[in-house]
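Heads up: the structure comes next, in structure tokens.
Every number here is computed from the coordinates shown, using simple stated rules; none is lab data. Values in this document were obtained by computation on a predicted structure and should not be read as measured data. Neighbour counts are summed over all protein chains in view; Cβ atoms, including those assigned to glycine, are modelled from backbone coordinates with ideal geometry.
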Amino acid sequence: MFRLDGKVAIVTGGSRGIGRACAEALAAQGAHVVVNYVKGEAAAKEVAEGIVARGGKAEIAAFDVGDTPATEKAIDEIAKRLGRLDIFVANAGIAIDGLLLRVKEEDIDRQLNVNVKGAIACAKASTKVMMRAKVGRIIFVSSVIGEMGNVGQTAYAATKAALLGITKSVAREFASRNITVNAITPGFIETDMTHGMNDAMKEQILKAIPLGRIGGAKDVASACVYLASDEAAYMTGQVLRVNGGMYV
Ligand code: NAD
């Protein structure tokens, strides 16, 4: 079950954290994975080389999802070169925290540009390829914060809630083409994005997680593999929560 042999997957922001875990998990199931990065070329190479060393198929691709023309061009080129595109994981995202009264307009714009516009550009370019093949899987990495909100994360929460609207809209638009579109809403996951939190903050968060532990990137990657698989063929427009019970 959940094998992905012969399929091509692109994972944005795949050089570290949740994206890296998704890339590695998809490759472990047999997919040829394209690890997208914007800055960390060395880290992306390390991920791809690790996959290849374990007998899998992987390569890297630089593009900034905040740059719509560059993103669409890169996805189109990858699909042409590899002859197909079966799975797209729109994972790239940024969080710039700040209390509402101090939030800067440029920081709102940056988050909207990468997290929302970037995701739409990825969906547009990948559905174009997938609709010709009449099959495809798109997975958006949203966040529990988009569902429940958080102090100091108004703009980030807005972008992650937007992804849920995007998921449901694209799912409806492409269901007739056999392209399924779903979102994952991770809870609190130990990655570079959350490393900056001090122990007191982490302790506070732990109290709100019924399963009593902070999540790992692999917890999210398992959900990603499921949604990418043939076994999830009847799932579309759904939000899969991977949050330890933090929000139910
Ligand atoms: P991370 O910061 O480690 O990884 C984010 C990745 O996105 C990085 O590789 C980064 O280079 C890439 N990226 C950023 N801007 C990009 C751009 N313009 N173009 C291409 N790539 C870009 O964070 P993470 O925790 O692994 O987060 C991955 C995703 O999961 C994000 O969308 C984040 O919002 C979401 N998420 C994280 C958590 C958490 O607790 N860590 C919880 C819920 C949702």
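Side notes on the structure shown:
- Per the Kirkwood formula applied to alpha carbons, the chain shows a radius of gyration over Rh ratio, Rg over Rh, of 0.95.
- In a simple Cβ point-charge model (Lys, Arg +1; Asp, Glu -1; nothing else charged), the stretch 1-140 has a dipole of about 580 debye relative to its Cα centre.
- Label-to-label distance for Ser222 and Glu173 is 3.3 nm, based on points extended 7 Å past Cα in the beta-carbon direction.
- For the stretch 100-183, the relative contact order is 37 percent, taking Cα pairs closer than 8 Å that sit 6 or more residues apart in sequence and dividing their mean separation by the residue count.
- Among Lys7, Lys39, the order by Cβ neighbours within 10 angstrom, fewest to most, reads Lys39, Lys7.
- Helix 154-174 vs. the chain, principal-axis angle (Cα, 0 to 90°, nearest 10): 30 degrees
- Among Met197, Met131, Met235: highest mean-square fluctuation, GNM of the chain, C-alpha pairs under 10 Å: Met197
- Residues of the stretch 143-164 with amide N under 13 Å of the 7 Å Cα→Cβ point at Asp109: none
- Here the relative contact order of the chain, from alpha carbon pairs under 8 Å that lie six or more residues apart, stands at 20 percent.
- Taking a Cβ cut-off of under 15 Å around Ala43, the surrounding Lys, Arg, Asp and Glu residues balance to a net charge of -2, with basic ones at +1 and acidic ones at -1.
- Peptides ranked, highest mean first, by Cβ atoms within 10 Å: ranges 206-218, 150-162: 150-162, 206-218
- Size of the stretch 106-202 as Cα extents on the principal axes (Å, biggest first): 50, 27, 22
- Equivalent-ellipsoid semi-axes of the stretch 4-123, from the Cα gyration tensor, Å, largest first: 28, 16, 11
- As a proxy for reagent exposure, Asp5, Asp230 were ordered by neighbouring Cβ count within 10 angstrom, fewest first; the result is Asp5, Asp230.
- R0 of 25 Å, Cβ-Cβ distance Tyr247-Val52: FRET efficiency to nearest 0.05: 0.10
- Ranking of Leu100, Leu240 by count of other Cβ atoms within 10 Å, fewest first: Leu100, Leu240
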